[in-house]
Protein chains: 2
Amino acid sequence: MTASRTARERVRAELTREITDIARRQLATEGAGGLSLRAVAREMGMVSSAIYRYFPSRDDLLTALIIDGYNALGEAVERAEAAQPREGFRRRWLAVCHAVRDWAAANPHEYALIYGSPVPGYHAPEDTIEARSRDVIVMGRIVSDAWRAGAVIARDADLPPELESKAANLSALMPEVPEAIVWRALSAWTALYGWVSFEVFGQFNNVFEDRRPAYEHAMRLMADTMGLAQ
Amino acid sequence: MTASRTARERVRAELTREITDIARRQLATEGAGGLSLRAVAREMGMVSSAIYRYFPSRDDLLTALIIDGYNALGEAVERAEAAQPREGFRRRWLAVCHAVRDWAAANPHEYALIYGSPVPGYHAPEDTIEARSRDVIVMGRIVSDAWRAGAVIARDADLPPELESKAANLSALMPEVPEAIVWRALSAWTALYGWVSFEVFGQFNNVFEDRRPAYEHAMRLMADTMGLAQ
DNA sequence: GTTCGTCAAGAGCACTGCTCTCGTTTTTTG
DNA sequence: CAAAAAACGAGAGCAGTGCTCTTGACGAAC
């Protein structure tokens, strides 16, 4: 079926892609608030109403950009982690950390779109959940690999009873890993994005410079919190 | 001088306050993107151009709201921490954590305004730095109090050499505290806001529920990272 | 009491997202 | 192959926005 695509379908796919490309460029320069359907149409030599044949509303265009953003970030994380030796669990973790930070620094507005405050009428449709979980899947694999290799310090004792078996969706990403470690991994995960958000959103301005070594140090501390031994 | 305020000055101050109050209500219901000068004017029975006598632009109104937000959050943190016994350093830390989270949950749009992606043309004027540091000052006092009381585990060994004497602005908030602890406190600080942002911005949706005990557990782990002993 | 600065009001500009209609073109159906 | 159906671009138009400028009235200081 895919071979017998009609001419109309082909040009439609092409125009759709051109719209998202131009929109992404506008997003990169103006930010999410400055993205304008009319400006995109103008740049394409189209009339503004024609855009609505491809995206029924501005929010739908934004949603497409969000999904693209999650995929781009997820791919960057996957590639960085895949380049590390399998038994270097700390190195794999740090590779993920730097991949997120580097991507966010290179695409601050796209990062703000996916990890900042929800922009429009706060929707977050279900289409995004597949793309958005790519990075956390990588993270889960690192921890479960490390656990299976015996490279994680066990910490069952410190888990508060009210948290027991409350992390099912997370545990599914880290088979066999005890729940105490899962919660610790979640803490490390939020700390990672907390730092990157602070940095991208300018919260560290006039506080300190030399952010890369500071970030690496902080992420090593998080590796310690998870109990990653090597 | 303050007593002999002319009638004009008094009504001006009153109207300025009324504008910010209405704007804050609009912010709470519509979010930062939906804040409209014209709508504020409409609700006041004013004509839209009259607002510009009080706030020269929409961004200036937003800046006023940002400063108010920092002050409200800072005050909530200060009050929560002041209610704890002075020698309970962990309790003081956890009180700060919950104060931030509770305030953010009660004022999600205001939180997004000050800790989310920068909304307008990304300015962040200098007027905000005084209000914005109230919470971190509280944090610094907890750590330095704990250090002076001998309730912090020393960790000079693990500080990478490239971070030495690079945290002057932070060390100023925690006199006498060794730099390794200062960096650890910064990690805990970003982890705190990373979690709250994830929660407020919906990043935990469909991942797990029962967020309060999970948050408390994560913040206890951060207390461990800082080395807070009691 | 007159001058001067402050103020609300109104009209207007350029822009936005979005809707509807109208001819044209392409695809599908009979 | 021809007719019906669907998809499409263009254009006008609506309601809303931030912001500017001018006009006329009011209050304060000299």
Inset, instruction - Mind checking which helices (runs of 4 or more DSSP H) fall wholly inside the range B:1-117 and carry at least 3 residues that are away from DNA strand D (no atom under 11 Å from the Cβ)? - result: B:7-30, B:58-82, B:89-106, B:108-115
Inset, instruction - For A:A82, state whether it is more than 12 Å from DNA strand C (Cβ to nearest atom) and under 18 Å from the mean Cα position of the chain (by Cα). - result: yes
Inset, instruction - Could you tell me whether B:E14 is within 30 Å of B:V136 (Cβ to Cβ), surrounded by fewer than 18 Cβ atoms within 10 Å (Cβ to Cβ) and modelled with pLDDT under 95? - result: no
Legend entry - Selection from the range B:210-230 of residues that are more than 22 Å from B:N169 (Cβ to Cβ), within 7 Å of another protein chain (Cβ to nearest Cβ) and surrounded by 18 or more Cβ atoms within 10 Å (Cβ to Cβ): B:A214, B:H217, B:A218, B:L221
Legend entry - Check on B:E176, surrounded by fewer than 17 Cβ atoms within 10 Å (Cβ to Cβ), free of Cβ contacts under 8 Å to residues at least 60 places away in the same chain and either more than 10 Å from every other protein chain (Cβ to nearest Cβ) or not in a helix (DSSP H, G or I) (or both): yes
Legend entry - Index of the failed condition, A:W93 passing every other in (1) touching a strand residue (DSSP E or B) at 6+ places or on another chain (Cβ under 9 Å); (2) free of Cβ contacts under 8 Å to residues at least 24 places away in the same chain: (2)
Inset, instruction - Evaluate the following for A:S133: is it within 11 Å of the chain's Cα centre (by Cα) and either modelled with pLDDT under 95 or closer than 22 Å to A:A188 by Cβ (or both)? - result: yes
Inset, instruction - Give the residue, chosen from B:S197, B:S144, B:S187, B:S165, that is in contact (Cβ under 8 Å) with a residue 12 or more places away in the chain, surrounded by 18 or more Cβ atoms within 10 Å (Cβ to Cβ) and more than 30 Å from B:S117 (Cβ to Cβ). - result: B:S144
Legend entry - Selection within the range B:179-209 - under 17 Å from B:M226 (Cα atoms), of a type in the set (A, V, I, L, M) and at the interface with another protein chain (Cβ under 8 Å from one of its Cβ atoms): B:L186, B:A191, B:L192
Legend entry - the range B:54-64 - residue that is away from DNA strand C (no atom under 13 Å from the Cβ) and either in contact with a strand residue (DSSP E or B) (Cβ under 8 Å, 6 or more places away or on another chain) or more than 14 Å from chain A (Cβ to nearest Cβ) (or both) and, of those, farthest from B:N107 (Cα to Cα): B:S57
Inset, instruction - Provide a single number: the residues in the range A:31-51 that are within 13 Å of DNA strand C (Cβ to nearest atom) and either β-branched (V, I, T) or without any contact (Cβ under 8 Å) to a residue 24 or more places away in the chain (or both). - result: 14
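The values are calculated or read from the model by the stated rules, or taken from the named source; none is laboratory data. Everything numeric in this text was worked out from a predicted model, so none of it was measured. Neighbour counts run over all protein chains shown; Cβ positions are idealised from the backbone, glycine included.
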